[in-house]
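The values are calculated or read from the model by the stated rules, or taken from the named source; none is laboratory data. From a predicted model like this one, the values you see are computed outputs, not experimental measurements. Every residue, glycine as well, gets a Cβ built from its backbone with ideal geometry; the counts of neighbours run over all protein chains shown. Protein only, heavy atoms only, side chains kept; ligands, DNA and RNA dropped before computing areas. Shrake-Rupley method; radii C 1.70, N 1.55, O 1.52, S 1.80 Å.
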Amino acid sequence: MSETTSTKKDKKHPLNGRRALPSNNSNAEENEVLEMEAFGLTPRGFNPKDYLQVVDIYMFKEPHEINKQQHHTDKYYSPKLVVRRGQPFQIQIDFNRPYKPGTDKFWLEYLIGRYPQQNKGTYIPVLVGDELKPGEWGAKVTHKENNSIRLSIMSSATCIAGKFRLYVAVWTPFGILRTQRNSETDTYILFNPWCQQDSVFLDDEKEREEFVLNDVGVIFHGDINDIKLRSWSYGQFEENVLDACLFLMDKAELELSGRGNPIKICRVASAVINSRDDSGVIAGSWDNTYTYGVAPSAWTGSVDILLEYYSSKQPVRYGQCWVFAGVFNTFLRCLGIPARVVTNYSSAHDNNANLQLDFFLDEEGKVDTKTTKDSVWNYHCWNEAWMSRPDLPVGFGGWQVVDGTPQETSDGMYRCGPASVQAIKHGHVCFQFDAPFVFAEVNSDIVYSRREKNGAQMIEKIDMTHVGKLIVTKEIGGDGMMDITEEYKFQEGSDEERLALETAVMYGVKKQITQDTVYQPQTDVDMDFQVQKAILGSDFKVIITFKNKSQNRYSAATYLSGNIVFYTGVVKSEFKKHSVSVTLEPSSSSTFDVVIKSSEYLSELLDQASFHFFVTARINETGKILALQKATVLEIPTLHIKTRGEAVAGREMSVIVEFTNPLKQTLENVTLHLEGPSVLRTVKKVFRQIPANSTLTWEVKCTPKRPGLRKLIASLNCDALRHVYGELNVQIQKL
């Protein structure tokens, strides 16, 4: 029996000639610690009870007590002590007799993982001294009374983030006596944005409240011409979420000694958030089929996803970019790293990172879907994490892009970042990690080219302003939108912008140079089009306008292509083709409408009700082509939430969700989700049918845990209708 056990252990931790100890990359595993570590032979009359003995340790770990209050960790639903590194915390030790500083010698030991070593920061002996040094491990007695002492303990500002085991060791002439293993004294140590010596230090209290302590956020989606927002419950303080986040680092097999470094944590987490190549947290699906899983649009927050993964150890299905970003944000804020979700509208997915998205047109000016491989995402969400970058030159710390959505591989795995936002803005893309990819997402040009009959490639149009038009995040202290485009790029067309581009090219970003002789656009005719705002299920118009600025009369063969697209810009099907010949009188404008009927698009519609229109016009007299593309999103109905009864912490209240079906068809197998951090854990209910124009009402009873302003978030999901959301702010009163 013992042999099989040892082989199992050997299998798990193969020792090779390079290591004296197996790698220490699991916070969950422990080693055995001797309660009596003898210095040699113990004399027969030795009785440990003759020496100082620890009777009890009091951790001051309740939310209202000093530690969690001072460390801003009072919101964590954890029965254990949760503190932040580089800041003193208090414990009380009760001995079997009064402590005599002259003769009694004791110290604390903090251990993490299975193979603790002092030089790796995984075994930390803390000696009791006269004063605490900022940002260094130490302890001092602050109060003595009867058999008890109060200690103030300072942790290192570079300490590993994780769950430590605590032992008190007492010196005797014959050996060291230790306290028994007691999980009640386990201590979580997290990053500390309030501590100047910490690499994640953030010096603005309002920003810390938003980027570390806010457990609800807003994620922007939709399209640049029709920005939509939805609330997301990060829930970083909810029960077991902290343990789930620590488990992710175990899953990624990040050495414990590297877990004090936010750069390393972000790099491995961006890989483990997605399931590609490492069976990580979320399986992505962009094909509109979500069998055996939850549609990405149905999730209302991160807690269910993280807890399901923590218990099943299997990827949770399914996610798209905002789900990866929402869960990543929870992970970062939970560990104490300031973080926010960012949305880039018209985001380039450039398959060969040459800062150029190639759209190929056929002879008639229609886009050739077979040869066009690049795509523009209506929007793409990623995260920013705040930290210093001692591995880069001065000036590149601060916000770093990290992205858990699996798009391209980086060092052999699907991950992205951390990439310095400042480096991206200035074109310094030589600095790790993945800056060229992010630079291309916000700076690529769209090049329309047409192949002539003789095989020559003719460039018809270059659009330098379509990509990365708007980059936004939630404002601090409110639900509004904050435009952060200028943090990523200089003003379009400015000298600084050109310089940043040239710098990026110098540092190895591929850019194909276009010869002016090849590209001579039609400059005396402007073409534009607008898509009328429309509600799902109704007809709407596309209005095309020409402006002939010349003295010549032109005729234009105009072609409109309407496509149902995934929000990633990938076409599912063309549902509308419309050709028309237009006469353009000299020095005048002309406008015409194309009507889009609901019957043309409803059966094909995808879950974000997203369309993409291409309009191309060939000026017959010159052979030149005008090309323009725009995405649009239909208005989707919303859920209405209201409450009944008094909203008081500790008392039962009712939450009512209402929805009216706006479609001309019956909705089937409709799933509703409802959640609100500190008010109610996620509940869901399936309704078999909602007939056309009928209203559904769902009442849920709950007991709020904590007073304060809280948010309720609901989503509705079925095959015919997705991305239906509702939210309500509720002020929970004290009992």
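Rounded to 0.05, the FRET efficiency of the Glu699 and Asp539 pair, given R0 = 41 Å and the Cβ-Cβ distance, is 0.70.
In the stretch 640-732, the inverse of the mean reciprocal separation of distinct Cα atoms equals 13.7 Å; this is its Kirkwood hydrodynamic radius.
Farthest toward the positive end of the dipole of the chain, out of Gly365, Ser231, Leu34, is the Cα of Leu34, where the dipole comes from beta carbon charges about the Cα centre.
What is the gain in length, in nm to one decimal, between Tyr77 and Thr671 on full extension, counting 0.36 nm per residue of separation less the C-alpha to C-alpha distance?
Values: separation 594, 0.36 × 594 = 213.84 nm, distance 2.86 nm.
Full-extension gain reported as 211.0 nm.
Tell me the Kirkwood hydrodynamic radius of the chain in angstroms, computed as one over the mean inverse distance between distinct C-alpha pairs.
Details: mean 1/r = 0.0345 Å⁻¹.
Kirkwood radius, the chain: 29.0 Å.
What is the magnitude of the charge dipole of the stretch 122-184 about its Cα centre, with +1 placed on the Cβ of each Lys and Arg, -1 on the Cβ of each Asp and Glu, and no other charges, expressed in debye to the nearest 20? Don't skip to the answer; put the middle values down first.
Values: 8 positive and 5 negative charges, 44 e Å.
In total the dipole reaches around 220 debye.
Selection among Gln90, Ala169, Thr103 by position relative to the dipole of the stretch 36-190 gives Ala169 as farthest towards the positive end (Cβ unit charges, Cα centre). For the stretch 55-67, 3J(HN,Hα) computed residue by residue from phi via the Karplus equation (6.51, -1.76, 1.60; θ = phi - 60°) reads 8, 7, 10, 10, 9, 6, 10, 6, x, 8, 7, 4, 5 Hz, glycine and proline entered as x.
Between Gln69 and Ser587, the C-beta separation translates, for a Förster distance of 60 Å, into a calculated FRET efficiency of about 0.25. The charge dipole of the chain, taken about the Cα centre with unit charges on the Cβ atoms of Lys, Arg (+1) and Asp, Glu (-1), comes to about 1660 debye, rounded to the nearest 20. Stretching the chain fully between Lys453 and Thr523 yields a gain of 22.7 nm (0.36 nm per residue, less the alpha carbon separation). The stretch 332-350 and the stretch 212-280 have Cα centres lying 10 Å from one another. Working from label points 7 Å from Cα in the Cα-to-Cβ sense, the Met482 to Asp719 distance is 4.3 nm. Axis angle, to the nearest 10 degrees, between helix 262-272 and the longest C-alpha principal axis of the chain: 60 degrees. The residue list Gln422, Phe575, Ala385 was ranked by how far each Cα lies along the charge dipole of the chain toward its positive end, using unit charges on Cβ atoms, and Ala385 comes out on top. Kirkwood radius and radius of gyration were both taken over the C-alpha atoms of the stretch 36-190, and their ratio Rg/Rh is 0.97. For the stretch 206-507, the Kirkwood estimate of hydrodynamic radius, built from reciprocal distances between every pair of different alpha carbons, is 19.9 Å.
How much net charge surrounds Ser302 when only the other residues with a Cβ under 11 Å from the Cβ of Ser302 are counted, with Lys and Arg +1 and Asp and Glu -1? Please list the in-between numbers first.
Numbers: positive: Arg333; negative: Asp215, Glu238, Asp304, Glu308, Glu675.
Once positives and negatives cancel, what remains is -4.
In this simple spin-label approximation, Glu652 and Leu34 carry label points 7 Å from Cα along the Cα→Cβ vector, and these lie 5.8 nm apart. Geometric descriptor of the stretch 525-633, per residue, is 88 Å³ (volume of the convex hull of the Cα atoms). Restricting the trypsin sites (Lys or Arg not before Pro) of the stretch 447-502 to loop positions (DSSP other than H, G, I, E, B) with no more than 16 neighbouring Cβ atoms within 10 Å leaves Lys453, Lys469. Sorting Lys140, Lys572 by solvent-accessible area of protein heavy atoms yields Lys572, Lys140, largest first, with a 1.4 Å probe.
Val571 to Asp226: extension gain in nm, 0.36 nm per residue of separation minus the Cα-Cα distance?
So the extension gain works out to 122.3 nm.
Summary value for the chain: 9 percent relative contact order, contacts being C-alpha pairs under 8 angstrom separated by 6+ residues.
For the stretch 183-229, the orientation-averaged shadow of the C-alpha convex hull comes to 6.0 nm² (one quarter of the hull surface). Count charges around Pro637 for me, please; just the other residues with Cβ under 12 Å from its Cβ, Lys/Arg as +1, Asp/Glu as -1. Result for the local shell: -1.
Using a Förster distance of 56 Å, how high is the FRET efficiency between Thr643 and Glu600, based on the Cβ-Cβ distance and rounded to 0.05? Intermediate values should be presented prior to the final figure.
Details: r = 41 Å, r/R0 = 0.74.
Once rounded, the FRET efficiency stands at 0.85.
Comparing Cα centroids, the stretch 46-102 and the stretch 296-313 end up 34 angstrom apart. Where only DSSP H runs of four or more residues are counted, the chain gives -4000 deg cm²/dmol as its mean residue ellipticity at 222 nm, each run worth -39500 (n - 2.57).
When the Cα atoms of the stretch 580-735 are aligned to their principal axes, the ranges along those axes come out at 79, 34, 20 Å in descending order. Computed log10 I(q)/I(0) for the stretch 54-131 at 0.16, 0.23, 0.24 Å⁻¹: -0.81, -1.20, -1.21, from the Debye equation with unit scatterers placed on every C-alpha and solvent omitted.
Rounded to the nearest 10 degrees, the angle from helix 321-335 to the longest Cα principal axis of the chain is 20 degrees. Here the Karplus relation 6.51 cos²θ - 1.76 cosθ + 1.60, evaluated at θ = phi - 60°, turns the backbone of the stretch 124-134 into coupling constants of 10, x, 10, 8, 8, x, 8, 9, 9, 9, x Hz, with x for every Gly and Pro. Can you give the angle from 0 to 90° between the axis of helix 241-251 and the longest principal axis of the chain, with both taken from C-alpha atoms, to the nearest 10? Taking Cα atoms only, the helix is inclined about 80 degrees. Electrostatic bookkeeping for Asp391 treats Lys and Arg as +1 and Asp and Glu as -1; over the other residues with beta carbon under 12 Å from its beta carbon, the sum is +3. Here the 3J(HN,Hα) profile of the stretch 72-80, calculated from phi with Karplus coefficients 6.51, -1.76 and 1.60 at θ = phi - 60°, is 6, 10, 5, 7, 5, 7, 9, x, 8 Hz, Gly and Pro shown as x.
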